[in-house]
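Before any comments, here is the structure.
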Amino acid sequence: MGKNWWLFIGLIVLVSAALGQELLLLMALLLALIGGAARLWARYCLAGVSYERRFGATRLFYGDETELAVQVVNAKPLPLAWLITVDDFPADVELLAGRLVTSHQSRRRLLVNTLSLRWYERVTRHYRLRATRRGAWDFGPVQLSSGDIFGFSIRRENIAETQTVIVYPKTVPLTALGLPDRHPFGDFKTSRRLIEDPLRMVGARPYLPGDSFRYIHWKATAHRRDLQTKVFEPSAGRPLAIFLNTRTSESASDGIDRDILELAVCTGASIARHAWEEAYSVGLYVNSFIRSSRERIRIRPGNYPGHLVHILEALARMEEDGPWTLATILQLEAAALPYGTTVVVVTPLVSDRLLKALMELQRREHGVSLVTLGEAGLAASLPGMRTYHVGGREVWHELETLALA
């Protein structure tokens, strides 16, 4: 409501005073009252208004569902005749209850709510979400719009705060991918003894010069009245390094086959989970970045309680493509791999350079397994190398359908 409105009211007041028209003056005062109320509403309508999302869970596996509560609060004595909230949603998370409208941004949707709030009122609306795609999905920002009851003035405010929901990649039993569930990557022997595992004590023996004092078995010493040292089982959990190739075509101009990429990620994640559950020390190396950080995915082998979650979250936040070939990553990491590490390569593409890198790893006494996808087919097997072929898009579509059933 601008200056013209008030000039119009002033003109009516002058005319009514000059003509002595009390009814006209009363009408001018009524218009002034309406204008004042509209201006007050427009100025303070969004003061004390808050918008909050509450997720049942912000970490989901593929196909999982969670609750979403949207809460709007009007924390002031001025009621709101109308309030419109427009919340920016990712298109890759399915809204099961409610409807999303199209956004001008690709892969984004809008959740629109129209409300009427009394003074100091809180309104909560409940929705249900389903994770239909791996990734790190941002919810927000949200735009609030309100104004006076007459619609003369509209005030808008943007709340830039966003919230992120992580959708971990789908993991399946190795048999669902056509891989054996027992010793899928062999039992590779090396010429050196593996390190002893201090978490796996199998007994005690008499102390010998050179034994570490840290491993003296005090209870056995007291029982036998002779200094005893602990005996450990050789580590059963060998290091296993997964190398994942995110490239699905030789040329970047050919784009990315997302079905094959998701199958590759699912395969890598499933292998990591299987190995971690079998007490392997698992690492992950990918020829791509962590989204928004530009940091290459490079997770050294480990088996601590949160290590698998660390791997799955890295795969969830992964960019779709990186600037390196997988052969380059293998050559960069080969020297830093622990001795005797089993190397598992998951790739939709097999090149001569990649096979040469695998041969070099075998020369360094690493066990090597090659898992191919898509049209790569079974590569020419190298002596001592296990080779598997998972399949193509049809395999991913079957796994996807199973997850969402």
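The values are calculated or read from the model by the stated rules, or taken from the named source; none is laboratory data. On a predicted model such as this, the values are computed, not experimentally measured, just so you know. Quick reminder, even Gly has a Cβ in these numbers, built from the backbone with ideal geometry, and neighbours come from all protein chains shown.
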Response to the item:
Within region 21-39, restricting to residues that are at pLDDT 70 or above and surrounded by fewer than 13 Cβ atoms within 10 Å (Cβ to Cβ), the one that is nearest to LEU78 (Cα to Cα) is LEU30
Worksheet entry | Filter result for the condition that a residue is buried (at least 21 other Cβ atoms within 10 Å of the Cβ) and farther than 12 Å from ILE242 by Cα, over LEU326, LEU261 | LEU261
Fill in: Enumeration of residues in region 199-241 that are in contact with a Leu (Cβ under 7 Å, 6 or more places away or on another chain) and modelled with pLDDT under 70
PRO234, SER235
Item to complete: Kindly list, by first and then second residue, each pair from a residue in region 310-328 that is on the phi < 0 side of the Ramachandran plot to a residue that is among the basic types (Lys, Arg) and part of a helix (DSSP H, G or I), limited to pairs with Cβ atoms under 6 Å and residues at least 6 apart or on different chains.
Response: ALA327/ARG353
Worksheet item: When residues of region 61-96 are filtered for being under 26 Å from LEU399 (Cβ atoms) and touching a Ser or Thr at 6+ places or on another chain (Cβ under 6 Å), how many remain?
Response: 1
Fill in: Counted residues, region 97-114 - those being of a type in the set (D, E, K, R) and touching a Ser or Thr at 6+ places or on another chain (Cβ under 8 Å)
1
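Show me the helices (runs of 4 or more DSSP H) found entirely inside region 295-405 where at least 1 residues are touching a Lys or Arg at 6+ places or on another chain (Cβ under 8 Å) and within 20 Å of HIS274 (Cβ to Cβ). If you could, list the steps in order and put the result at the bottom.
Working: elements: 307-316, 326-333, 352-363, 393-404.
Where helices (runs of 4 or more DSSP H) fall fully within region 295-405 and carry at least 1 residues being touching a Lys or Arg at 6+ places or on another chain (Cβ under 8 Å) and within 20 Å of HIS274 (Cβ to Cβ), they are 307-316, 393-404.
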Discussion item. Going residue by residue through region 287-294, is there one that turns out to be under 22 Å from GLY367 (Cα atoms), charged (D, E, K, R) and touching a residue at least 12 places away in the same chain (Cβ under 8 Å)?
Written reply: no
Worksheet item: Residue check: is ALA69 of a type in the set (Gly, Ala, Ser), within 30 Å of LEU308 (Cβ to Cβ), at pLDDT 95 or above and outside any loop (DSSP other than H, G, I, E, B)?
Response: yes
